[in-house]
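Working notes, structure below.
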Amino acid sequence: MKSADRIGKLGTETAFAVSAEARAWASQGNKVYPFHLGDINIRTPDNIIAAAHKAMLDGKTGYVANGGIIELKEALAADINATHGTHYSAAHVAVQPGGKPVIGKFILALMNPGDEVLYPNPGFPIYESQIEFNGGKCVPYGFLPGKENFGLDMAALEKAVTPKTRLLIVNDLQNPTGAESSETELKAIAAFAVKHNLFVLCDEAYFDLRFSGKSRTLLAYPGMVERTIILYTFSKKYAMTGWRLGAAIGPQDIIDVIVKLNLNDESCTAHFIQLAGVEALNGDQSGSQKIIGILKERRDVATDILNSIPGVKCFRPNATFYLYPDVTGLMAAKGFADDYDGFRKDVLHKTGVSFCTRLHFGRALPGESSRYVRLAYSGIDLDMIKEGLGKFTDYAKK
Ligand SMILES: Cc1ncc(COP(=O)(O)O)c(C=O)c1O
């Protein structure tokens with residue numbers, strides 16, 4: 001059967017393809033060290049699980065309002081107001097089955113075919129997929145290595161804007177680089193969005209998933225609240241990836257459109273899952289703090305080992321659970337200077353270490369000469385990190 005023409009434009013989350021390859025390699029009896037997928041191998045905190053269980057036993061198993069139950073919308077508005085200094089109410093919140101649906105719904109609500117959309121590259125691959133699928137033009141912007149982490153390439157962003165640019169996607173606390181914008185950078189992005197009258201998707205999937213200090217937000221800058229939709233998700237901070245719970249938060253007229261899309265797509269997010277979300281936000285936070293403590297230890301061990309490997313340089317990001325080392329020297333030394341896939345497969349087959357490469361986060365940008373891979377340390381225990389990266393070190397030194 002021939003699928004509709006538009007399906008040809010639909011992309012994929014290529015990390016899942018790397019997962020399938022790693023699984024196939026493991027099924028042949030090989031040990032695999034999974035650094036490829038941004039999933040978490042730590043269980044959701046008990047109080048959240050108990051809340052979902054209780055809600056199910058209480059019969060909270062039917063349809064609910066398309067935009068979410070009032071308790072969760074109020075809890076989300078209060079949480080965002082406390083961390084972002086905003087004044088949202090429940091009317092500014094549309095609950096979603098995960099953070100990911102916010103991307104497609106934001107684009108459907110605000111982009112006309114032919115409109116141009118600025119989005120990060122390297123970045124979460126679903127932006128590109130949804131822009132193209134819905135008939136928009138993808139206009140990527142990149143990052144530059146700084147002293148302590150990557151920074152957004154503001155000059156490239158300015159050059160990329162045209163009269164047709166309508167949307168800007170920002171992912172601060174970034175996947176895959178772990179980059180975090182400085183105040184100066186956020187101020188510049190906000191001024192840029194206002195100057196060019198852009199609607200903004202502020203993907204904060206990793207907000208507060210950090211090891212010290214406080215997360216900053218683009219929403220704090222003039223002109224942003226009225227033009228921005230926040231992508232909120234419970235997936236990462238509360239280790240709830242499989243529950244599928246998130247939200248779009250922003251101006252009421254756009255939220256109303258998103259709620260209409262909810263009605264047409266999934267009707268609503270499961271009632272008992274929403275009640276678990278209320279517990280996640282309002283209940284005991286020690287489970288989430290424990291998760292962050294575990295991740296911090298993993299980050300430090302993995303970063304130290306990576307930086308001891310010849311031909312590898314790695315920042316130590318203060319947020320997210322990704323490392324994005326520069327492996328230019330190592331790839332060249334192994335005879336894979338420009339061959340990302342060859343390098344990735346060679347490492348998998350010789351060491352069992354499985355990771356994504358830069359190309360899983362978008363096409364390389366013109367003039368890009370350094371080579372990067374992404375290691376997620378959220379789905380692999382400390383002893384396996386040590387063992388796997390030990391093998392990777394031996395591989396590099398051979
Ligand atoms: C940057 C970014 N945005 C959004 C998501 C979507 O997460 P979820 O749909 O699990 O909430 C992810 C997941 O990895 C992500 O990395």
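Structure summary
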quantity: Degrees between helix 100-110 axis and first principal axis of the chain (Cα, 0 to 90, nearest 10); calculated: 60
quantity: Cα centroid separation, region 129-194 to region 14-63 (Å); calculated: 30
quantity: Anisotropy class of region 261-352 from Cα gyration tensor, a/c 1.5 cut; calculated: oblate
quantity: Fully extended contour minus Cα-Cα distance, from residue 328 to residue 183, at 0.36 nm per residue; calculated: 49.2 nm
quantity: Using a Förster distance of 56 Å, the FRET efficiency for residue 398-residue 289 (Cβ separation, nearest 0.05); calculated: 0.85
quantity: Sites residue 28 and residue 112 - FRET efficiency at Förster radius 35 Å, r taken between beta-carbons, to 0.05; calculated: 0.10
quantity: For region 72-187, share of DSSP beta bridges that run antiparallel, in % to the nearest 5; calculated: 25
quantity: Equivalent ellipsoid dimensions for the chain as semi-axes, Å, which come from the Cα gyration tensor, largest first; calculated: 33, 26, 21
quantity: Contour minus Cα-Cα distance for residue 58 and residue 369 (0.36 nm per residue); calculated: 106.2 nm
quantity: In degrees, nearest ten, helix 46-57 long axis to first principal axis of the chain (Cα); calculated: 50
quantity: Estimated FRET transfer efficiency when R0 is 45 angstrom, pair residue 307-residue 49 (beta carbons, to 0.05); calculated: 0.75
quantity: Residues in region 81-114 reached by a label modelled at residue 226 [backbone nitrogen below 12 Å; 7 Å Cα→Cβ]; calculated: none
quantity: Most positive-pole-ward Cα, 306, 319, 378, against dipole of region 238-384 from beta carbon charges; calculated: 306
quantity: Per-residue HN-Hα couplings for region 115-123 [Karplus 6.51, -1.76, 1.60; θ = phi - 60°; Hz; x = Gly/Pro]; calculated: 5, 9, 10, 8, 8, x, 9, x, x
quantity: The chain - mean residue ellipticity at 222 nm from DSSP helices (-39,500 (n - 2.57) per run, n ≥ 4, rounded to 500); calculated: -13000 deg cm²/dmol
quantity: DSSP beta bridge pairing in the chain, given as percent antiparallel to the nearest 5; calculated: 50
quantity: Cα long-axis angle, helix 252-265 against the chain (0 to 90 degrees, to the nearest 10); calculated: 80
quantity: Three-way shape call for region 170-255 based on the alpha-carbon gyration tensor, with the a/c threshold at 1.5; calculated: oblate
quantity: Contact order normalised by residue count of region 202-283, Cα under 8 Å, 6+ apart, percent; calculated: 24
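Just so you know, all these numbers are worked out from the coordinates, no wet-lab data involved. Everything numeric in this text was worked out from a predicted model, so none of it was measured. Note that each Cβ is placed from the backbone with ideal geometry, even for glycine, and that neighbours are counted across all protein chains shown.
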